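See below for the structure under consideration.
The values are calculated or read from the model by the stated rules, or taken from the named source; none is laboratory data. Source: prediction; values computed, not measured. Here the Cβ is made from the backbone with ideal geometry for all residues, glycine too, and neighbour counts use every protein chain on show. Accessible surface areas use protein heavy atoms only, side chains included; no ligands, DNA or RNA. Shrake-Rupley method; radii C 1.70, N 1.55, O 1.52, S 1.80 Å.
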Amino acid sequence: MTAQALEQRELAVVIGLEVHVQLETDTKIFCGCSTDSVEGEEPNTRTCPVCLGLPGALPVLNEAAVESAVKVGKALSAEVVAETTFHRKNYYYPDLPKNFQITQYDAPICADGHLEVTVEGDSRQIGVERAHLEEDPGSLRHVRDGTRPVETRTVSVDRADYTLIDYNRAGTPLMEIVTRPDFRSPQETRAFLAKLEEVLEYLGVFDASRDGSLRVDANISMVPADDVADDGSIPTETLEAANRTEVKNISSHKGAEKALAYEVTRQKNAIERGRSVEQETRHWDESRGITVSMRSKEEEKDYRYFREADLPALRVAGWREEISIPELPDARRDRFQSEYGLDAESASKLTSTKQVADFYEDLAHAFDPDLVATWVADTLLGELNYRDMRLTDVADRFDEIERLVELVARDEITAKNARETVLRTMLDEGETPDEVVEAEDLGKTADDEVATFVAAAIEEHPDAVADYERGEDGALNFLVGQVMQKSRGSADPGTVNQLLRERLDG
């Protein structure tokens, strides 16, 4: 369809994703080089003749990578095929030292899966066309203004003076997950990526903290809105007639939404002005918030796929049944609601990562599940988020956090003091809960002492007492605050409220 014809019709967005996921294994996919990265390590030090593609070096497939791929396939409800093969994808990029990439072509290890996502309360099933194993290329650093690496600064590819190459990443096991063109908005892609990352972490095959662990290429095109069926499906001929733009270099959920939102606007503006959308590959420049044209879009024939002669066929027919996967986020969310009586919002927070869910369950077996839910989902995660921390950052202090919950559960300190004084001091200064309680004298005040504070507050504030007797709502809260102040926050607010009412109403 011509741009002139398309501009007269309402447009709909069509997006498909290619998600590249680094699998968490000890060694690379075809050699014994370590995949562990150390901050500040020298470039090109975790390499060998195999991952550098030197003549005569032969690849050997990593069993752990295959096991991870099977787990991903099962989690996506995909078919895990009994036999698959590897191919060489031939194209020149500086980060591929062999000048080809070992990947899977017409026989991916997983096919025909799906993942359900929810956006603004509406759930949609996104189809996964295929998921296959391959090796990761090295990494490129585009730099400008300097003669040595220490003097350079990273810039986008179109603004660089030159590019540095690091092959430490080359050969890291990679799984490429290719969706069907089922997304109808950038918001849906962000929800999908967040859900996918959640599932991968539950499987234990992915570490989101690794630099470049999840990278996204997005294909986006505009089609006539009246060609989209009520169920969101689009005829094949409509898809084939649309010029598709590929956007590369997306490395986060938020980045995907921003890049695609920009591209939707760019394409709509072009069509409204009567211009055609070029079928091309574009680079997402995150620093500037724009996409930049890189090259014309390659077609499948440009890669000249042929069988990888150095690797035999991969057969997982019997083995795939022996590989089990853990309880996944959606199932665990449902169980938390039924088993612990949690509401949907709390259950969602408490299953956001496997580490959070495991920690909650450990505590919920020892203390009241509702109390623990409040402490983990709201108090602890809220304080960690404020400090830009994750639960894994305090994994070595789980016993101390459990002790703090115990102090609250046994009514030895108030929830307010536990949250505002003990927990914050623990996180900021590294002290244990018992040390903070002792140093700040936060042990709960005895009832007879609370009664003394109540009597004093009533005597010292006759105007508030008069306001209470006239039925003013804020008067009682004011008196409660005075008693809490006298007890340095160690009195139970419920007890204070009750004693005040008994004295004032008696």
*Considering the range 287-313 alone, what residues qualify as being assigned to a strand (DSSP E or B) and more than 19 Å from residue 247 (Cα to Cα)?*
306, 307
*the range 37-50 residues that are touching a residue at least 60 places away in the same chain (Cβ under 8 Å), paired with ones that are part of a loop (DSSP other than H, G, I, E, B) and open to solvent by 70 Å² or more (accessible area, probe 1.4 Å) (beta carbon under 9 Å, 6 or more apart)*: 37/211; 46/36; 46/37; 50/58; 50/60
_Hits in the range 62-108 (condition: in contact with a Gly (Cβ under 6 Å, 6 or more places away or on another chain) and not in a loop (DSSP other than H, G, I, E, B))_ = 80
_Anything in the range 184-219 that is touching a Lys or Arg at 6+ places or on another chain (Cβ under 7 Å) and β-branched (Val, Ile, Thr)? List them, or say none._
205
*So, of the residues in the range 76-116 that are over 25 Å from the mean Cα position of the chain (by Cα) and of a type in the set (Ser, Thr, Tyr), which turns out to be surrounded by the most Cβ atoms within 10 Å (Cβ to Cβ)?*
84
*Scan the range 225-259 for residues that are at pLDDT below 85 and outside any loop (DSSP other than H, G, I, E, B) and jot them down.*
225, 226, 227, 236, 237, 238, 239, 240, 241, 249
_Top-ranked residue of the range 450-506 - restricted to ones that are of a type in the set (Val, Ile, Thr) and over 21 Å from residue 413 (Cβ atoms), ranked as modelled with the highest pLDDT_ = 458
_Can you pull out every residue in the range 260-279 that is among the charged types (D, E, K, R) and assigned to a helix (DSSP H, G or I)?_
263, 266, 268, 272
*Count, please, the residues in the range 289-305 that happen to be open to solvent by 100 Å² or more (accessible area, probe 1.4 Å) and at pLDDT 85 or above.*
1
_When residues of the range 276-288 are limited to those that are in contact with a helix residue (DSSP H, G or I) (Cβ under 8 Å, 6 or more places away or on another chain) and of a type in the set (Asp, Glu), the one least open to solvent (accessible area, probe 1.4 Å)_ = 285
*Going by the conditions given, is residue 58 open to solvent by 30 Å² or more (accessible area, probe 1.4 Å), closer than 20 Å to residue 29 by Cβ and out of contact with any His (no Cβ under 6 Å at 6 or more places or on another chain)?*
yes
*For the range 28-50, does any single residue satisfy the condition of being among the hydroxyl-bearing types (Ser, Thr, Tyr), open to solvent by less than 30 Å² (accessible area, probe 1.4 Å) and out of contact with any helix residue (DSSP H, G or I) (no Cβ under 9 Å at 6 or more places or on another chain)?*
yes
_strands (runs of 3 or more DSSP E) fully within the range 127-220 counting 2 or more residues that are open to solvent by 30 Å² or more (accessible area, probe 1.4 Å) and either at pLDDT 95 or above or of a type in the set (S, T, N, Q) (or both)_ = none
*Hey, can you tell me all the residues within the range 20-58 that are of a type in the set (A, V, I, L, M) and in contact with an Asp or Glu (Cβ under 7 Å, 6 or more places away or on another chain)?*
29, 58
*asked:* Checking the structure you have, find out if any residue of the range 314-330 is part of a helix (DSSP H, G or I), farther than 26 Å from residue 105 by Cα, open to solvent by 40 Å² or more (accessible area, probe 1.4 Å) and not polar (S, T, N, Q).
replied: yes
*Given (1) outside any strand (DSSP E or B); (2) open to solvent by less than 50 Å² (accessible area, probe 1.4 Å), where does residue 21 come up short, assuming only one miss?*
(1)
*How do the helices (runs of 4 or more DSSP H) wholly within the range 361-450 filter down when requiring 2 or more residues that are open to solvent by 40 Å² or more (accessible area, probe 1.4 Å) and out of contact with any Gly (no Cβ under 9 Å at 6 or more places or on another chain): which remain?*
381-386, 398-409, 424-429, 433-440
*Considering each of 382, 318, 341 in turn, give the residue that is without any contact (Cβ under 8 Å) to a residue 40 or more places away in the chain, of a type in the set (Gly, Ala, Ser) and on the phi > 0 side of the Ramachandran plot.*
341
*Only one of (1) buried (at least 21 other Cβ atoms within 10 Å of the Cβ); (2) of a type in the set (Ser, Thr, Tyr); (3) within 25 Å of residue 22 (Cβ to Cβ) is not met by residue 245, so which one is it?*
(3)
